[in-house]
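Some notes on the structure that comes next.
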Amino acid sequence: LDFRFLATGTQVGLSVARISVPRFSSGVAVKTETGSPWIALGTAWMLAPQFMITNHHVINARLANEAPAAPEDFKRQAQESFVEFDFDSADSVTVQIKVASVIASSKDLDYAIVRLQSDPGRRSLRLRPSRIEFTPATYLPVNIIQHPRGLPKRIAVRNNLLTGAEARSAER
């Protein structure tokens, strides 16, 4: 790989944050067995100034076998969330910004776009301008910068070939 691969990855990584989402049920904050708040952790990426995208299931803050959050709980969970930039190791000094609201989401496409209360001054990540056309010989490497299970930032760069995708589109 060209050296620029590492430099670009470092720049992209600055726009990736951990998101912490408190769980609500019928408008009440849910607690764990120890009495601490029940928090879902995930990854969010800068989409535009003051806007980030994450997975719907992160904002939903429910286990796989549970019913989805009621619409008001989903909205409240987003509004009570915050993102942490620069959580690269356990002893990192992070930049925390509260989420103001969820502005768009789709359970089927598993995305949620949130507006932050302030602009973190991080670059928006570029989206691929054209659709990927798959053939039987398509093997596209996908590198992922993420906070798996809320851990400090990690990268996935091995065993990362995308070989197919479902042909679904967003509902309007």
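Being of a type in the set (Lys, Arg) and touching a strand residue (DSSP E or B) at 6+ places or on another chain (Cβ under 7 Å) is the filter here, so list the residues in region 105-125 that pass it. Walk me through how you get there before you give the answer.
Going through region 105-125, the residues of a type in the set (Lys, Arg) turn out to be 107, 115, 122-123.
Of everything in region 105-125, those that are of a type in the set (Lys, Arg) and touching a strand residue (DSSP E or B) at 6+ places or on another chain (Cβ under 7 Å) turn out to be Arg115, Arg122, Arg123.
Where in region 1-93 are there helices (runs of 4 or more DSSP H), lying wholly inside it, with at least 1 residues that are at pLDDT below 95 and open to solvent by 70 Å² or more (accessible area, probe 1.4 Å)?
On the way: elements: 4-13, 56-60, 71-79.
Per the criteria, 4-13.
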Selection from region 135-167 of residues that are charged (D, E, K, R) and farther than 29 Å from Ser20 by Cβ: Glu166
query: Regarding Ala70, is this residue farther than 21 Å from Leu47 by Cα and touching a helix residue (DSSP H, G or I) at 6+ places or on another chain (Cβ under 6 Å)?
result: no
query: What are the pairs, 6+ residues apart or on separate chains, where a residue within region 27-53 that is farther than 14 Å from Ala78 by Cβ has its Cβ under 8 Å from a residue that is of a type in the set (Phe, Trp, Tyr) and surrounded by 18 or more Cβ atoms within 10 Å (Cβ to Cβ)?
result: Val30/Phe24
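The values are calculated or read from the model by the stated rules, or taken from the named source; none is laboratory data. Bear in mind that the values here come from a model prediction, so they are computed numbers and not experimental data. With ideal geometry, Cβ positions are generated from the backbone for all residues, glycine too; neighbour counts draw on all protein chains shown. Protein only, heavy atoms only, side chains kept; ligands, DNA and RNA dropped before computing areas. Shrake-Rupley method; radii C 1.70, N 1.55, O 1.52, S 1.80 Å.
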